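Each remark here refers to the structure printed beneath this line.
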Amino acid sequence: MGGLRELKKQRTRDLLLRSALELFTEHGYEETTVDDIAEAADVSQRTFFRYFASKEDAAFYVARLAEARFVEAVHARPPEEAPLDALRMALVESWNTIGEAIGRLIPVELHMRFYRVVESTPALLAAHLRRATELEEEIARVVAAREGLDLDRDPRPRVLVAVFGAVMRVTERLWSAGDDASPAALRDLTASYLDHVAPALTGNWREGPVADRADPTPERDTET
C-alpha cells in the first residue's frame, strides 16, 4: 500500500511540474498563476502547495536535481585530478547521466526550452543567478576539501569556481540566443569555452584565439 501511495505522489508531482513548465514556456512565467498550474494538472491549489512552496520552487525543481548530480560528481572525482580537470570531468559525467534522470520527470526538450524562459524573465534570471552564487560557494568548499585547503585563508578555490561558473553563464546566454536548443549544443559550446580558460587567463591575447593559431612548433633545423 505504501508503495502505491508513493507512486501516486510522484505522478502528481511530475504532472504538476510538467504543467508548470509547459505553462511557463507557452504563456510566460509572470503570466502563469498557481491556480493555472493546478487547473492544468486537474488538482487543487492546496495540492500544489503540498509539493511546491511557490512557482519559483516548481520552476527550479529540475535545476536543483541537476545541481545535486554535479556536486555528487565533483565529490566522486579522483583526488589526483587537478581542480579544473575535476570540475570539467564532473560536468561531463553529470551531463551524461542527468538526461535520463530528467526524462523520468519531464521531457528533456521541455527542460531545455525552459532555460530560454529563464534568460528572458528578470525574476527567474535573478533567482537563477542567486542560486548559481550559492552553488559556487558549495563547490568551492568541496574543492578546498579535496585539496586540503582552508577556504577562508586560501582564495584559489573560490577564484577557480568563479571562473568556471562564469564560463557556464556565458555559454548558457549564448546558447539560449542561438538556433539549436538541444542539450548537445549546450554541452559542445561549454566544452569549447572551457578549452579557452587557461589561454585566456595566462596567454598572450594578441596572438589570437588558440583555435586560430598555426602550429606553434618551430621547424627543426635540418642543416648540419
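The values are calculated or read from the model by the stated rules, or taken from the named source; none is laboratory data. Because the structure is a prediction, the values reported are computed rather than measured. Glycine also receives a Cβ, built like all others from the backbone with ideal geometry; neighbour counts cover every protein chain displayed. Side chains included, ligands, DNA and RNA excluded: accessible areas come from the protein's heavy atoms. Shrake-Rupley method; radii C 1.70, N 1.55, O 1.52, S 1.80 Å.
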>> With every protein chain kept in place and ligands, DNA and RNA left out, what is the accessible area per residue of the chain? Probe 1.4 Å, answer in Å².
In response: 61
> Given the convex hull over the Cα atoms of region 33-164, what projected area results after averaging over all orientations, in nm²?
Replying inline: 9.3
> Magnitude of the Cβ-charge dipole of region 21-154, K/R +1 and D/E -1, about the Cα centre, nearest 20 debye?
Replying inline: 180
>> Within 10 Å of each candidate Cβ there may be at most 15 other Cβ atoms; applying that plus a DSSP loop requirement, which trypsin sites (Lys or Arg not before Pro) in region 1-107 survive?
In response: Arg104
> Over the chain, what percent of the accessible surface lies on carbon and sulfur atoms, probe 1.4 Å?
Replying inline: 53
> Hey, got the dipole for the chain? About the Cα centre, +1 on K and R Cβ, -1 on D and E Cβ, debye to the nearest 20?
Replying inline: 960
> Going by accessible area, probe 1.4 Å, with all protein chains left in place, what is the ranking of Val108, Val62, largest first?
Replying inline: Val108, Val62
>> Of Leu23, Gln10, Val43, which is farthest towards the positive pole of region 1-55's charge dipole, taken about the Cα centre with +1 and -1 on the beta-carbons of Lys, Arg and Asp, Glu respectively?
In response: Gln10
